[in-house]
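Here the structure comes first, spelled out in structure tokens, and everything after it is commentary.
Every read-out reported here was derived from the displayed coordinates using simple, explicitly stated rules and does not represent laboratory data. Being a predicted model, the structure only gives us computed values, none of them experimental. Reconstructed Cβ throughout: ideal geometry from the backbone, glycine too, with neighbour counts over all protein chains shown.
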Amino acid sequence: MLRLDRISAGYGRAQVLRDLSLEVQPGEILCLLGRNGAGKSTVMRAIMGLVPLMSGAVWLGDERLSALPAHQVPRAGVGYVPQGRRLFTDLSVAQNLEIGLMARQSGPEVREEVLTRFPRLRERLGQKAQTLSGGEQQMLAMARALCLRPQVLLLDEPTEGLQPSMIAAIRDVIVGLREAGVAVLLVEQRVDAVLDLADRVAFLENGTGGTVMTADDLRANRSLVDRYVGV
């Protein structure tokens, strides 16, 4: 289980998160919703150790992730797909995957499992990442994260700017990860897409945690979307 225990974080003197607590269970998709600037991406970066905590702690099971240097957080079992993907664009698809495999010394069986989830990438192993379509690049970013064999996967706007067929393919992979017992923390602005995918939804407002509810309850009470997201 991923647990954020009253974390506060920011950039220099600018505090973004304030006493935020969240939990994501194994085999659960939790979606983080909030307006632009609410601090959603900062939550992801704080979990990964890329933004230092001012207070509080981040836990994965009994391991205190926030006590680790940032480069060790992926090795602990946390995969991260940031907004913008951040691939090694001059390297091939196969080389990007190899970098993911190296982080936790994953073997060829993990590579094969990842390519089974993303068959389109198998057809493009020799291509440079920069030559892929936007949807294929997103698939590669997710595939590289899955090479870590993560217990937790953080996805920041994974369907942004993608065509419907690619969105559907990525959604299928996310659902498959839930079935495999992976805890998924998802930032997504497309509320209707979230309601079809998430188990629970957590709202974030000005860096502070708001209501946490099931997706079914949110479907029955859409007024919270107007309050926290403004759409």
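Can you find, within the stretch 113-129, the residue that is nearest to I167 (Cα to Cα) among those that are surrounded by fewer than 13 Cβ atoms within 10 Å (Cβ to Cβ) and within 22 Å of the chain's Cα centre (by Cα)? Walk me through how you get there before you give the answer.
Kept after step one, since they are surrounded by fewer than 13 Cβ atoms within 10 Å (Cβ to Cβ), are these residues of the stretch 113-129: 116, 119, 123, 126.
With within 22 Å of the chain's Cα centre (by Cα) added as a condition, the list becomes 116, 119.
Numbers: T116: 18, P119: 15 Å.
Top of the filtered list is P119.
Applying the set (1) within 20 Å of A145 (Cα to Cα); (2) of a type in the set (A, V, I, L, M); (3) in a helix (DSSP H, G or I) to L185 leaves exactly one unmet item: (3).
Identify, please: which residue in the stretch 40-98 is among the basic types (K, R) and part of a helix (DSSP H, G or I) and is, among those, surrounded by the fewest Cβ atoms within 10 Å (Cβ to Cβ)? Break it down stepwise before answering.
Let us first name the residues in the stretch 40-98 that are among the basic types (K, R), namely 40, 45, 64, 75, 85-86.
In the following step, the residues that additionally are part of a helix (DSSP H, G or I) were identified as 40, 45, 75.
Details: K40: 25, R45: 21, R75: 12.
Taking the candidates together, the pick is R75.
One residue alone among A168, A193 is part of a helix (DSSP H, G or I), over 14 Å from R85 (Cβ atoms), free of Cβ contacts under 8 Å to residues at least 12 places away in the same chain and of a type in the set (A, V, I, L, M), and that residue is A168. The residue that is surrounded by the most Cβ atoms within 10 Å (Cβ to Cβ), counting only those in the stretch 194-231 that are more than 19 Å from the chain's Cα centre (by Cα) and over 30 Å from A14 (Cβ atoms), is L218.
Residue selection: T116 fails the criterion of being in a loop (DSSP other than H, G, I, E, B), of a type in the set (V, I, T) and out of contact with any Cys (no Cβ under 7 Å at 6 or more places or on another chain). Residues being farther than 26 Å from R171 by Cβ and hydroxyl-bearing (S, T, Y) are represented in the stretch 51-62 by at least one member. Only a single item in (1) over 14 Å from the mean Cα position of the chain (by Cα); (2) under 19 Å from A145 (Cα atoms); (3) not aliphatic (A, V, I, L, M) is not met by C31, and it is number (1).
Among the residues of the stretch 121-142, those identified as without any contact (Cβ under 8 Å) to a residue 40 or more places away in the chain and part of a helix (DSSP H, G or I) are L121, R122, T131, G134, G135, E136, M139. Inclusion of P108 among residues that are free of Cβ contacts under 8 Å to residues at least 12 places away in the same chain, surrounded by fewer than 18 Cβ atoms within 10 Å (Cβ to Cβ) and under 28 Å from T159 (Cβ atoms) is not warranted.
Residues of the stretch 85-111 that are under 12 Å from L140 (Cα atoms) and either among the polar types (S, T, N, Q) or within 17 Å of the chain's Cα centre (by Cα) (or both): R85, R86, L87, T89, S92, Q95, N96, G100.
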